[in-house]
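A short worksheet on the structure shown next.
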Amino acid sequence: MRRLVRNTAFATVALGAALGLSVTQASAGALATFTVTGGGDYTAHAVNPTLSVPATQLQCDSSDASGTIKDGSGLAGAGIGTVDDISFNNCSVAGIPFDVTPSALPWSINLESMNGTDEAHGNITGISATITGIGCDATFSGSVEGYYQNSTHTLHVTGGGTLAAEAGASCLGLISEGDHAEFIGDYVLDQTPVVSSP
């Protein structure tokens, strides 16, 4: 998932699917509540998501996610959406096949602020996933940042956050406990939710 590059923006409401929101302080005091029009159950698809650590990068052909986004006004940003299921397809490291197994679902999608009227920033928390391949087994957990873009109905997972390798990570010296991971991916939702400030 190298497309997971680092950043600080997220499409929280949209993909609560695949992945997390953080804030790009567009509003100094962080909005207390949000309005979501067109929420509900969603599915989302990303092409070429990546997971990068200092020494290597995992690349996948695609990723699919599904979950729920709350609908209504006066909604708290924390837990405004969920990623109930997510999968990563045809993943590899330097051409060597790898499997990615998500766990601890559902993950929580949280909103923190609006950047103008088109981007809702926040993070995805509670993430946990294990990558396995020849001579490699490592579990990553933590949060990622990103933003949801109303105009394209896309959740942009931009990395950042606290996602890191857990104790016991073993991967031919390429991944060590505590290595920060940048998860990057652009998840396009089948739904067309629109997020705004109250």
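The values are calculated or read from the model by the stated rules, or taken from the named source; none is laboratory data. Here the structure is a predicted model, which means the values were calculated and not measured. Neighbour counts run over all protein chains shown; Cβ positions are idealised from the backbone, glycine included. SASA here: full protein model, heavy atoms, side chains in, ligands and nucleic acids out. Shrake-Rupley method; radii C 1.70, N 1.55, O 1.52, S 1.80 Å.
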Measure out, as a whole number of angstrom, how far apart the alpha-carbon centroids of region 86-127 and region 184-198 sit. 13
Cα gyration tensor of region 22-132, axes a ≥ b ≥ c as square roots of the eigenvalues: rounded (a/c below 1.5), prolate (a/b > b/c) or oblate? prolate
How would E166, E145, E177 line up by accessible area, probe 1.4 Å, largest first? E177, E166, E145
Based on the mean of other beta carbon atoms within 10 Å per residue, what is the order of 181-193, 146-158, 74-86, most packed first? 146-158, 181-193, 74-86
Note down the nm distance, to one decimal, between modelled labels 7 Å out along Cα→Cβ at D64 and at L105. 1.1
Points 7 angstrom from Cα along the Cβ direction at D137 and A32: gap in nanometres? 5.0
Accessible area per residue in Å² at 1.4 Å probe, computed on region 73-139: 41
What full-extension length gain, to one decimal in nm, is calculated for N48 and S176 as 0.36 nm per residue of separation minus the Cα-Cα distance? 43.7 nm
With the full set of protein chains in place, find how many percent of the accessible area of region 120-198 is carbon and sulfur; take the probe as 1.4 Å. 53
Modelled label-to-label distance, S128 and S73, 7 Å Cα→beta-carbon offset: nm? 3.9
